[in-house]
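**Student:** For reference, the structure I am asking about is given below.
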Amino acid sequence: MMLGRLPLAIGFVAVLAAPLRAEQWASSYTSHDYAKCRKDKGNGDPVSVHRCPGKAGLTVTWTAGDDSSAVDFGAKALQETISDKAAFFEVGKTIEWRGPKGGKPQAAIVRYATGQSVSKLDGSRLVVYRLAPDGASCIIGSIDARKPDANAAARRLAEEKAAGFRCGQDARTED
């Protein structure tokens, strides 16, 4: 009789454990004045590249041109477009770092002002980055930041996909 209930008990534990894992993730934040971070030596190109210290020894690399700016993370960042939803991007100063409580961050969430022209950045996107243990990083996806509960949606995306997302192989999520 007792053995018959064991599979049911194991099933209950498995169902309850999934939400508990998600709740064990935590956020921490950094704010950056990117232009004040260490500047890379230029090669005559009008693009400015600055490197800022991030969480857990990760480097935040800020790249800015006349019409857009972006960040990437770590030593092996995949060079990719921010989103197909806009033509111009301006990265925000705050980075939300997401990962298991007490562990290294596995994701970063950054808000970008977006638009179809450089003079009219009238949109906003939350871009979620994968931060791999080997120093690789890439974009998991992005969320329209004007939608209700956009921050919660970006955190869910980070928690559900960051640990197993394969940069350069898995498809990004764009809403």
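**Student:** Right, ALA158: under 16 Å from THR30 (Cα atoms) and of a type in the set (A, V, I, L, M, F, W, C) or not?
**Tutor:** no
**Student:** Quick one: what pairs do we get from region 108-133, first residue within 19 Å of ALA26 (Cβ to Cβ) and in contact (Cβ under 8 Å) with a residue 40 or more places away in the chain, second assigned to a loop (DSSP other than H, G, I, E, B) and not aliphatic (A, V, I, L, M), C-beta under 6 Å, 6+ apart or different chains?
**Tutor:** Within 6 Å, the pairs are LEU131/PRO105; LEU131/GLN106.
**Student:** Another question, if that's okay. Output yes when any residue across region 113-132 is crowded, with 16+ Cβ neighbours inside 10 Å, touching a Leu at 6+ places or on another chain (Cβ under 9 Å) and aromatic (Phe, Trp, Tyr), and no when none is.
**Tutor:** Among the residues of region 113-132, not one is crowded, with 16+ Cβ neighbours inside 10 Å, touching a Leu at 6+ places or on another chain (Cβ under 9 Å) and aromatic (Phe, Trp, Tyr), which makes the answer no.
**Student:** Among the candidates GLU96, GLU80, which residue alone is in contact with a Phe, Trp or Tyr (Cβ under 6 Å, 6 or more places away or on another chain), among the acidic types (Asp, Glu), in contact (Cβ under 8 Å) with a residue 12 or more places away in the chain and closer than 25 Å to CYS52 by Cα? Talk me through it step by step, then tell me what you get.
**Tutor:** On the way: GLU80 fails: in contact with a Phe, Trp or Tyr (Cβ under 6 Å, 6 or more places away or on another chain).
After applying the criteria, what remains is GLU96.
**Student:** Looking at this structure, is VAL91 free of Cβ contacts under 8 Å to residues at least 60 places away in the same chain, surrounded by fewer than 20 Cβ atoms within 10 Å (Cβ to Cβ), β-branched (Val, Ile, Thr) and over 22 Å from GLN169 (Cβ atoms)?
**Tutor:** no
**Student:** Name the single residue that is nearest to HIS32 (Cα to Cα) among those in region 134-168 being free of Cβ contacts under 8 Å to residues at least 12 places away in the same chain and assigned to a loop (DSSP other than H, G, I, E, B).
**Tutor:** Ranking the qualifying residues of region 134-168, first place goes to ASP149.
**Student:** Now for a different question. So which strands (runs of 3 or more DSSP E) are wholly in region 46-91 and hold at least 2 residues that are in contact with a strand residue (DSSP E or B) (Cβ under 9 Å, 6 or more places away or on another chain) and over 15 Å from TYR129 (Cβ atoms)?
**Tutor:** Counting at least 2 such residues, we get 48-53.
**Student:** Would you call GLY99 under 15 Å from the mean Cα position of the chain (by Cα), modelled with pLDDT of 90 or more, buried (at least 20 other Cβ atoms within 10 Å of the Cβ) and within 18 Å of ASP33 (Cα to Cα)?
**Tutor:** no
The values are calculated or read from the model by the stated rules, or taken from the named source; none is laboratory data. This structure is a prediction, so every number in the text was calculated from the model and none was measured. FYI the Cβ positions are ideal-geometry reconstructions off the backbone, even for glycines, and counts take in every protein chain you see.
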